[in-house]
Amino acid sequence: MTELKTCFVMSDIHGMDDAFETLLKKWDHKMPLILLGDLMDRGMGSRHVLEKAYELSTQYNVRLIRGNHDQMFLDYIDLKEKPERFLRNGGDVTLQSLISVDFTNWSRAQVADYLKEHYAKEITFLRNSRYFLIFGKVLFTHAGFNSDFADLQHTTEDEFIWIREHFKKQNQTPYVNVFGHTPTHYIHEAEKHSIWMNEQKSYIGIDGGAVFGGQLNGLLLDEHGQIQQVFEVKTPKFS
């Protein structure tokens, strides 16, 4: 009998480095580690999370799916979009974590140059992230996909990282969609930060609302989308 392939999944870490380290102890390094985006912003340990994720990617099978906060960071350092969106969504805390000197009077371009110089490898790691990943019968995304269609080609890059409430429509793809982005207590419509799964078991939401007084969830999952084990680490409220 062929042994099923399994992976370990986390999402929306948001700089919660202690919780991240705790969950990593549950991960068997022989299996893929899949991170569903939003490594940084809001939590105080963004630097550690980014550096740790990159370091692990140089040694093990680590896959990073791009999240909207990852994109906002890249847009900020590439001088795209107005800086306010990044800064008001926890980017200000990220800059404080990443820059060890007083940058109060720096221009945005100076901040960007500093980050590109001191975190070149980590930034490349973010740039090399993908918008979705298929693992057997599982579709991993940060936010979701355009569930009006069965073909993922109809989903834009922005939708993969920003879409909301796609799980309210039937999943027409042949995959179980595992996603983050929307804290599960909004889906449960109660103060539940545990993972959420619809009745058809075609959607699994795992964003436990870390930094919002929720928890960081880790999921051991097989290639058919069957949950083998769930791990939960409670987190304090930072934002």
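Miscellaneous remarks
- Qualifying positions in segment 153-187 - among the aliphatic types (A, V, I, L, M) and either in a loop (DSSP other than H, G, I, E, B) or open to solvent by 70 Å² or more (accessible area, probe 1.4 Å) (or both): ILE163
- Here ASN89 does not qualify as open to solvent by less than 80 Å² (accessible area, probe 1.4 Å) and either within 20 Å of THR173 (Cβ to Cβ) or in contact (Cβ under 8 Å) with a residue 60 or more places away in the chain (or both).
One line per residue, one yes/no per condition, for (1) of a type in the set (A, V, I, L, M); (2) within 27 Å of ALA53 (Cα to Cα); (3) in contact with a Leu (Cβ under 7 Å, 6 or more places away or on another chain):
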{"residue": "VAL101", "(1), (2), (3)": "yes, yes, no"}
{"residue": "LYS116", "(1), (2), (3)": "no, yes, no"}
{"residue": "HIS142", "(1), (2), (3)": "no, yes, yes"}
{"residue": "ASP148", "(1), (2), (3)": "no, no, no"}
{"residue": "ARG164", "(1), (2), (3)": "no, yes, no"}
{"residue": "GLN170", "(1), (2), (3)": "no, no, no"}
{"residue": "TYR175", "(1), (2), (3)": "no, yes, yes"}
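- Of ALA150, ALA109, ALA190, all but one fail to be over 30 Å from LEU4 (Cβ atoms), in a loop (DSSP other than H, G, I, E, B) and open to solvent by less than 90 Å² (accessible area, probe 1.4 Å); the exception is ALA190.
- Test for ILE206: is it open to solvent by less than 50 Å² (accessible area, probe 1.4 Å), touching a Leu at 6+ places or on another chain (Cβ under 8 Å) and either more than 15 Å from ALA143 (Cα to Cα) or among the β-branched types (Val, Ile, Thr) (or both): yes
- Condition check for ASP38: crowded, with 22+ Cβ neighbours inside 10 Å, acidic (Asp, Glu) and either over 23 Å from PRO183 (Cα atoms) or touching a helix residue (DSSP H, G or I) at 6+ places or on another chain (Cβ under 7 Å) (or both): yes
- Matching residues, segment 52-66, being among the charged types (D, E, K, R) and either on the phi > 0 side of the Ramachandran plot or crowded, with 17+ Cβ neighbours inside 10 Å (or both): LYS52, ARG63, ARG66
The values are calculated or read from the model by the stated rules, or taken from the named source; none is laboratory data. Not measured: the values here are computed from a predicted model. Ideal geometry is used to build each Cβ from the backbone, glycine not excepted, and the neighbour counts take in all protein chains shown. We work out accessible area using only protein heavy atoms, side chains counted, and drop any ligands, DNA or RNA first. Shrake-Rupley method; radii C 1.70, N 1.55, O 1.52, S 1.80 Å.
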